[in-house]
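The values are calculated or read from the model by the stated rules, or taken from the named source; none is laboratory data. Keep in mind that what you see is a predicted model, and the values were worked out from it rather than measured. Note that each Cβ is placed from the backbone with ideal geometry, even for glycine, and that neighbours are counted across all protein chains shown.
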Amino acid sequence: MKSQRGGFALGLIVGLLIGLALALAVALYVTKVPVPFVNKVPQRTAEQDAAEQEKNKNWDPNAGLGHKNGAKPAAPAGSAPSAAAPASAQATAPVAAAPKAAASAAPARDPAAILSAREGSTVKPTPAADPFNYFVQAGAFARPEDAEQQRARLAMMGYEAKVSEREQSGRTVYRVRIGPFPAKDGADGAKDKLAAAGVESALVRVQK
């Protein structure tokens, strides 16, 4: 029984030693064999890194996009006055508009004052006073009866006439007159109506 136990322990120890030896051999093999795709990449030196850094020092990543963005070249100095001219015109525009704005901002006048001013401007100047009075003489008669008859006829036509006496060529004359009229237009109107009614008349002007 003891010999079997001793043989089992010995076999176990020998197996462990063999396993360790195999594991060590595998580890050594793995470290010695090159890894695929790794050793094929060349290793960069410090000089190569410094040269690459100097090369990329002034590199502009947007240099190739200059023409694609349609950037226009800087305008020459000669175009500065033409560019300044619109700016000056724009600057003077508000100044020129200021008087118009001030005129529009002026307060509106009183409508009553405006109306009275218009009426005052349309009123015609008063003509000079006429220095004469006007009469319409509807006849001159030698007898007073005839003059009274003519006065009655005119009264029936709507005119108020008066009979007046006057010495003419050594004889007394009885005149039948309508008036006085302060203006010649009124006397002319009455004379025209008498003429339309068949009554002869004359316009007489007397100093006031």
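In the range 108-122, is there at least one residue being among the charged types (D, E, K, R), surrounded by 10 or more Cβ atoms within 10 Å (Cβ to Cβ), part of a helix (DSSP H, G or I) and at pLDDT below 85? Yes, that holds for at least one residue.
Within the range 158-199, can you find the residues that are among the β-branched types (Val, Ile, Thr) and surrounded by 14 or more Cβ atoms within 10 Å (Cβ to Cβ)? Show your work before the answer.
In the first step, residues of the range 158-199 are kept if they are among the β-branched types (Val, Ile, Thr); the result is 163, 172-173, 176, 178, 199.
Correct list: VAL163, VAL173, VAL176, ILE178, VAL199.
Look through ASP188, ASP130 and report the one residue that is assigned to a helix (DSSP H, G or I), within 60 Å of the chain's Cα centre (by Cα) and of a type in the set (Asp, Glu). Quick ask: steps written out before the conclusion?
Numbers: ASP130 fails: assigned to a helix (DSSP H, G or I).
So the residue among ASP188, ASP130 that is assigned to a helix (DSSP H, G or I), within 60 Å of the chain's Cα centre (by Cα) and of a type in the set (Asp, Glu) is ASP188.
Checked against (1) in contact (Cβ under 8 Å) with a residue 40 or more places away in the chain; (2) assigned to a helix (DSSP H, G or I), ALA155 passes all but condition (1).
Looking at ALA155, is it touching a strand residue (DSSP E or B) at 6+ places or on another chain (Cβ under 9 Å), small (Gly, Ala, Ser), loosely packed, with under 14 Cβ neighbours inside 10 Å and over 15 Å from ALA202 (Cα atoms)? Yes; evaluated as a whole, the condition is true for this residue.
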